């Protein structure tokens with residue numbers, strides 16, 4: 001019997017702070033703006049509080065299936081904060097942070113996870129899609145949105161609208 005390496009790889013990452021919160025070098029320019037950092041942090045805390053409440057409701061039988069986003073708050077807040085208002089969010093099942101950032105209310109999210117269709121009728125971001133639970137099934141939806149936006153940007157003669 002012999003043993004050999006089937007694969008070897010490296011995953012590169014960029015770090016701005018170490019595990020103790022100490023800066024490893026110059027921070028991105030947005031990190032100099034305390035108001036922006038505080039707003040992003042509040043959004044992450046709000047998501048954590050929403051998640052804790054939803055998990056509690058689910059565990060006591062007052063909410064159906066719920067996909068917790070515990071520990072993933074920064075991903076959703078960061079992605080949504082980078083979006084423009086006219087962008088379209090196609091969320092998967094742990095994207096509560098992004099949805100809350102874009103204006104979906106906690107009540108709407110609880111309606112959705114409780115099996116009530118009102119949870120997919122957002123008062124806020126009307127173009128955003130409802131949550132897509134099956135893993136990666138929202139990818140074709142996102143591709144369709146991208147194509148639709150590309151087609152909509154063309155004028156009646158196929159050229160792009162100015163501006």
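Brief remarks follow.
- Qualifying residue in segment 43-62 (condition: within 13 Å of the chain's Cα centre (by Cα) and more than 29 Å from residue 144 (Cβ to Cβ)): yes
- Check on residue 135, out of contact with any strand residue (DSSP E or B) (no Cβ under 9 Å at 6 or more places or on another chain) and either in a loop (DSSP other than H, G, I, E, B) or touching a residue at least 12 places away in the same chain (Cβ under 8 Å) (or both): no
- Which numbered condition residue 14 fails, given (1) modelled with pLDDT of 90 or more; (2) over 26 Å from residue 115 (Cα atoms): (1)
- When 124, 61, 115, 78 are checked against the criterion of being in contact with a helix residue (DSSP H, G or I) (Cβ under 9 Å, 6 or more places away or on another chain), surrounded by fewer than 18 Cβ atoms within 10 Å (Cβ to Cβ) and either part of a loop (DSSP other than H, G, I, E, B) or touching a residue at least 60 places away in the same chain (Cβ under 8 Å) (or both), a single residue qualifies: 124.
- The one condition in (1) in a helix (DSSP H, G or I); (2) exposed (fewer than 13 other Cβ atoms within 10 Å of the Cβ); (3) at pLDDT below 95 that residue 31 fails to fulfil: (2)
- Long-range neighbours under 8 Å by Cβ, at least six apart or interchain, first residue over 20 Å from residue 81 (Cα atoms) within segment 4-32, second exposed (fewer than 10 other Cβ atoms within 10 Å of the Cβ): 24/15; 24/18
The values are calculated or read from the model by the stated rules, or taken from the named source; none is laboratory data. Everything quoted here is computed from the prediction, not taken from an experiment. Glycine also receives a Cβ, built like all others from the backbone with ideal geometry; neighbour counts cover every protein chain displayed.
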